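Notes to accompany the following structure.
Values quoted throughout were computed directly from the atomic coordinates according to the rules given, and no laboratory measurement underlies them. Since this is a predicted model, take the numbers as computed values, not measurements. For neighbour counting, all protein chains shown are included, and Cβ atoms are generated from backbone atoms with ideal geometry for every residue, glycine included.
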Amino acid sequence: MTLQIVWFILWGVLWAVYFTLDGFDFGAGMLRNFLAKDETERSVALTAIGPVWDGNEVWLVTAGGATFAAFPNVYASMFSYLYLPMLLILFSLIVRGVSIEFRSKSEGARWHSFWDWALAISSFTAPLVLGLGFGNIFQGLPMAADGYRGSFWGLFNAYGLLTALLFVALFLQHGALWLEYRTGGSLAERSRSLASKLWYAVAALTVVFLAATAFATKLYDNFLASPLWLVVPVLAVASLVGVRLFHARSRAFAAFVASCATILLVVATALVGLFPNLIPSSLDPAASLTAFNSSSGPLTLKVMTVVACIFVPIVIVYQFLVYRFFRAKLTRADIAEGEY
Amino acid sequence: MSVEALSRIQFAMVAIFHFLFVPLTLGLSALVAYMETRYARTGDEIYLRMTKFWSKLFLVNFAVGVVTGITLEFQFGMNWAEYSKFVGDIFGAPLAIEATVAFFLESTFIGLWMFSWKRVSKGVHAAIMWVVAFASSLSALWILLANGWMQHPEGYVISGGRAQLVDFGALLWNEYSWVKFFHTLMSAITLSAFFVMGISAVHLLKGRKSEMFKRSFRIGATVGIVASVLIVFSGDMSGREVADYQPTKLAAMESVWHTQKAAPFYFLDVPEPKHESNLVEALEVPNLLSLLSYHDPNATIKGLLDFPADQRPPVAVSFWSFRLMVGLGMLFILLAFLALVFAWRDKLQKHRWFLWIMSFAIVLPYIASELGWLLAEIGRQPWIVYGLLRTSDAASGAISAGDVLASLIAFVVLYGSLAVVDAFLLVKYARKVEE
């Protein structure tokens, strides 16, 4: 019982950290073509995510693996019910990974521009479909006691699309802030000015999303039952305001950290609302997949808890150290020297 | 075609494709780390150039390995939902642990390695690559602990229609998995050694950068002979595991139809599954099959006809992939031995015929590795978890054949394109020698 709750929380943490970390390289990937004005700047922008994107993406692999280990029914249902969206996410991630790695591996304007566009498009489609999927999970999937009643096109409902847009907007802002923080000169300037414009879009979408959530989902039921939890969405909104305040004072790093907090807290808000469901059913509450009816047995949960308690903190420490190692602002000179 | 049939084709394709990149990642990471360590120790610029040359090939290969691995992580849930529900309690754990303890380490440190050439000392930079090499092997171990459980399930009870873990130690110390890990690692190192020797051979034939490629070749030959000999031992141990725990696979891969005591081995053997017999059985060595399988010349081998027809794996594929794999394994020892002799006597450039052979031999360990997996997975059929769950009961219920056909076509197109780009880059960097 307790371990099932622990794993519900860990499940949420893994997804939240994944969105926070891969979020900025999605954003940077989408924006690169539009913010970088020449070949050197495009290389700078790519080098800003080059050393870390792969480590970030492992949070998704871990989230997937942890879902499999801790909630096998959720793993089996989530990815087979959402088969085609999952395929689109996989393809986006595949194209994105090789775009980042292959771009610098050959010369020529056509080669570069091919991978630039491949990266931009795949960095857009991945969060778009992730948002669409989670938007539908928040509403509940049409699961009856005897199986799934949904269809691919059924996912394209207003709330699903709104969540998709929110994901894209959050990550665009996140990526712009990251590029502003990691780079210098005119690229950082353009990132900065775009980030401040994007804030309004994010703020507007967040307000609409929070309002629509009241109508399209049951996520607020938990908050109404125990209003203390409202501190989570309040903090989410506060950190979004924080992004604005830090940004206005030219504190790029603080603004980026506030943006991390926004993403973490938005995901946390959704999870508080979902609990104890991992995937609610929109047809029949009894068919919902919950932390209690879809988890692994006690021994698996125990083993996984031990592993997670030891290794997740270790991972966080060394990833943090690697981020610190790459904290110096990237300049045109770094690229000119080659082999940064 | 059914969801199951299409899903099997798709899984075979994405797994075979992924495994084109895995062994080189496993082996070449260690070889590059060794080369860079030599550079850090000696300061010899040749080792630096060597490190850079091989690491470029490594990175191109690594990138495709990473992105195609993500597919597999989600394939079980997407196409094999019933399997996932049945085994999730057990199979999911090693996958999740793999990501947590190994894949994080590998991915984070490869990023650090790529972008820290000028920012850390030579020794530290080499050490980072050793971490990558260690992490990739650790990753393979956890994946094989998962696969080993499908081959030889241990430490579970069946409750509520699904397998539930009751003994984590049994999963962790599953003999089958460790033998398989050892076998996979040795074959990966052999593949990488042949990769290094083959590309070095091409350059030596053209007389380019002969010192760097001679030394590379020597490293490849030394590692290659050790690993290819160890393959025989790990292969023998694998065979024992199969004999003990997967009698249907043993019978199929040896094409034994009738149960026999003191079974002979036929060097020339052609199975004819249609007639449930062998077309040709010649060049007989008495007792050898019993000896090889059970280390006992009088052991009894249970024949296929003594298993119900619905429990027999496809015989032709199992038999031929096994035979061919073993034949290639023997050839690797011969080639690695010659390579070692010629390389250490500095006679490589005199034996141009041998360099020609080695440059074409690059593909052979790839074929052998894939054949090994064909045998492991097809030989386990009709079971997806040996003896517990049939593959026909494992596919997702919520997807349609149309969905899977669409995804299969999409995978063929995407992976086909990836293969073309990857081959282009590998050839480019294999040819490119920097001054």
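So for region A:2-337, taking the charge dipole from beta-carbon charges (+1 Lys/Arg, -1 Asp/Glu), which of A:N222, A:V266, A:L299 sits furthest toward the positive end? The one lying farthest along the dipole's positive direction is A:V266.
Would you tally the net charge around B:V22, using a Cβ to Cβ cut-off of less than 14 Å, leaving B:V22 out, and scoring K and R as +1, D and E as -1? Overall, the nearby charge balance is -4. Please work out the FRET efficiency for the pair A:D221 and A:R149, using the Cβ-Cβ distance as r and a Förster radius of 22 Å; give the result to the nearest 0.05. E(calc), rounded to 0.05, equals 0.45.
Each 20 Å bin from zero up to the one holding the largest Cα-Cα distance in chain A carries the following percent of pairs: 31, 57, 12, 0. GNM on chain A, C-alpha springs below 10 Å: top fluctuator among A:L161, A:L230, A:L130? Checking each option, the largest mean-square fluctuation is seen for A:L230. The distance between label points at A:V234 and B:H275 comes to 8.5 nm (points 7 Å beyond Cα on the Cα→Cβ vector). Between B:K206 and B:A12, residue separation times 0.36 nm minus the direct Cα-Cα distance comes to 66.0 nm. Between B:S277 and B:E272, the built amide H atoms are under 5 Å apart, and every one of these is 5 or more places off in sequence or on another chain.
If R0 is 41 Å, the Cβ-Cβ spacing of B:M330 and A:N293 corresponds to a FRET efficiency of close to 0.15. The label point for B:V157 and the one for B:F307, both projected 7 Å from the Cα toward the Cβ, are 2.9 nm apart. Rounded to whole numbers, the Karplus 3J(HN,Hα) couplings from phi for region A:264-269 are 4, 6, 5, 5, 4, 4 Hz, using 6.51 cos²θ - 1.76 cosθ + 1.60 with θ = phi - 60°, and x at Gly and Pro. The 3J(HN,Hα) values that the Karplus relation (6.51, -1.76, 1.60; θ = phi - 60°) gives for region A:200-210 are, in residue order, 5, 5, 4, 4, 5, 5, 4, 4, 4, 4, 4 Hz. Gly and Pro appear as x. Between A:I279 and A:L289, the built amide H atoms are under 5 Å apart, and every one of these is 5 or more places off in sequence or on another chain.
Residues whose amide H lies under 5 Å from that of A:G150, counting only those 5 or more places away or on a different chain, are absent; hydrogens are built 1.01 Å from N in the peptide plane. Relative to the longest principal axis of the Cα atoms of chain B, the long axis of helix B:81-97 lies at roughly 40 degrees. Among B:W142, B:W113, B:W353, the largest mean-square fluctuation in a Gaussian network model of chain B, built with springs joining Cα atoms closer than 10 Å, belongs to B:W353. Note on B:R390 and B:E175: with the Förster distance fixed at 30 Å, the Cβ-Cβ geometry gives a FRET efficiency of about 0.80. Checking the cross-link pairs B:K206/B:K428; B:K85/B:K180; B:K56/B:K206; B:K122/B:K214; A:K329/B:K118 against a 19 Å limit on the alpha carbon distance flags B:K85/B:K180; B:K56/B:K206; B:K122/B:K214 as lying beyond it. What you get for region B:293-365, charging only the Cβ of Lys and Arg (+1) and of Asp and Glu (-1), is a dipole of about 460 debye around the Cα centre.
Restricting region B:70-153 to trypsin sites (Lys or Arg not before Pro) that sit in a DSSP loop and have at most 16 other Cβ atoms within 10 Å of their own Cβ leaves B:K118, B:R119. Put the Cα centre of region A:137-173 next to the Cα centre of region B:5-60 and the gap is 40 Å.
Take the Cα gyration tensor of chain B, multiply each eigenvalue by 5, square-root it, and list the three semi-axes largest first, rounded to whole angstrom.
In descending order the semi-axes read 38, 28, 20 Å.
Seen against the Cα atoms of chain B and their longest principal axis, helix B:315-344 is set at about 20 degrees. Remark: region B:297-308, residue by residue, has Karplus-estimated 3J(HN,Hα) of x, 9, 4, 8, 10, 6, x, 4, 5, 8, 10, x Hz, where x stands for each Gly or Pro and the curve is 6.51 cos²θ - 1.76 cosθ + 1.60 at θ = phi - 60°.
Residues within the reach of a label modelled at B:D167 (point 7 angstrom out along Cα to beta-carbon, backbone nitrogen below 20 Å), restricted to region B:136-157, are B:145-157.
Centroid-to-centroid, using Cα positions, region A:255-293 and region A:113-134 are 23 Å apart. Dipole of region A:2-337 computed with +1 at Lys/Arg Cβ and -1 at Asp/Glu Cβ about the Cα centre; of A:P280, A:I137, A:T125, farthest Cα towards the positive end is A:T125. Compared with the dominant principal axis of the Cα atoms in chain A, helix A:231-248 is inclined by about 10°.
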